Amino acid sequence: MKKIVSILIMVLAITSAATAQNGRTKFATDMYQAKHEMIIEELSLTLSQQKQFMPLYEQMEREIYQVNRNARALANEVEKKKNPSDRDYEAAASALSNTRVQEGEIEAKYFEKFSKILSKKQLFQLKQAEVKFTREMLNKRKKK
C-alpha cells in the first residue's frame, strides 16, 4: 500500500518538477483536489472534521513530497555528473531507499494527530481511500 502511494507521489513529483517553475501545475493541483474530495467522501467527514483534518493531511503530503523531491534531486545530480564516484552513487541510492522509511515516519507522526480528529473507523478508511485513489489514477493512466 505504501509502495503504491510512494509511486503516485513520485509520479506527481516528477510531473510537477518537469512542468512547473512556480508551484504545482494545474494537473497536480487537480489530482490533489480529487484525492481530497475522495477522502472527504469516503470517510464521510463532517465540516468540523474537514476543517481540522484537511490542513494536517495537506501538511503531511507536503512533507512526504519534500522527502521524495530531495531524494530525486540527489539522484538527478548523480546522473548529471560526468564521473560520479561510488560515494555519490551510494548517497543517491541510500536517499532513494530511505524515502519509504521517512514516509512511514511522517505517516506515523500524523497518525497520532489524525487519531484526535477521526474515529477509529475513519482512520482505517483513510488508508483504503488512499489506495482506492491510487488504483483509480493508475487505471486511468493505463487506459490512455
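Every read-out reported here was derived from the displayed coordinates using simple, explicitly stated rules and does not represent laboratory data. This one's a predicted model, so the numbers in the text were calculated from it and none came from an experiment. Here the Cβ positions follow ideal geometry from the backbone for every residue, glycine too, while neighbour counts run over all protein chains shown.
Using a cut-off of 12 Å between beta-carbons, work out the net charge of the residues near residue 88 (Lys and Arg +1, Asp and Glu -1, residue 88 not included).
Numbers: positive: 80, 81, 82, 87; negative: 77, 79, 86, 90.
Surrounding charge for residue 88 is 0.
Under 29 Å between alpha carbons, and skipping anything fewer than 8 positions from residue 121 in its own chain: which lysines qualify?
2, 3, 35, 51, 109, 113, 132, 140
Name the residue farthest towards the positive end of the dipole of region 32-101 from the options 74, 38, 64, assuming +1 on Cβ of Lys and Arg, -1 on Cβ of Asp and Glu, about the Cα centre.
My answer, from the dipole projection, is 74.
If the chain between residue 89 and residue 116 were fully stretched, how many nm would it gain, using 0.36 nm times the residue separation less the Cα-Cα distance?
Additional length available on full extension: 5.5 nm.
Full extension from residue 49 to residue 139: what is 0.36 nm times the residue separation minus their Cα-Cα distance, to one decimal in nm? Mind showing how you got there, number by number?
On the way: separation 90, 0.36 × 90 = 32.40 nm, distance 3.00 nm.
Contour length minus Cα-Cα distance gives 29.4 nm.
Kindly write out, for region 43-51 in residue order, the coupling ³J(HN,Hα) from the Karplus curve 6.51 cos²θ - 1.76 cosθ + 1.60 (θ = phi - 60°), rounded to whole Hz, with x marking Gly and Pro.
Computed from phi, the couplings for region 43-51 are 8, 6, 5, 6, 4, 4, 5, 4, 5 Hz.
Which of rounded, prolate, oblate describes region 82-137, given a ≥ b ≥ c as roots of the alpha-carbon gyration tensor eigenvalues and a/c under 1.5 marking rounded, otherwise prolate only if a/b is larger than b/c?
In terms of gyration-tensor shape, oblate.
Residue separation times 0.36 nm, minus the C-alpha to C-alpha distance between residue 131 and residue 76: what's the value?
Difference between extended and current length: 17.0 nm.
Can you work out the Karplus-derived ³J(HN,Hα) for every residue in region 129-144? Use 6.51 cos²θ - 1.76 cosθ + 1.60 with θ = phi - 60°, whole Hz, and x for glycine or proline.
Coupling constants for region 129-144: 5, 5, 5, 4, 4, 4, 4, 4, 5, 5, 5, 5, 5, 5, 6, 6 Hz.
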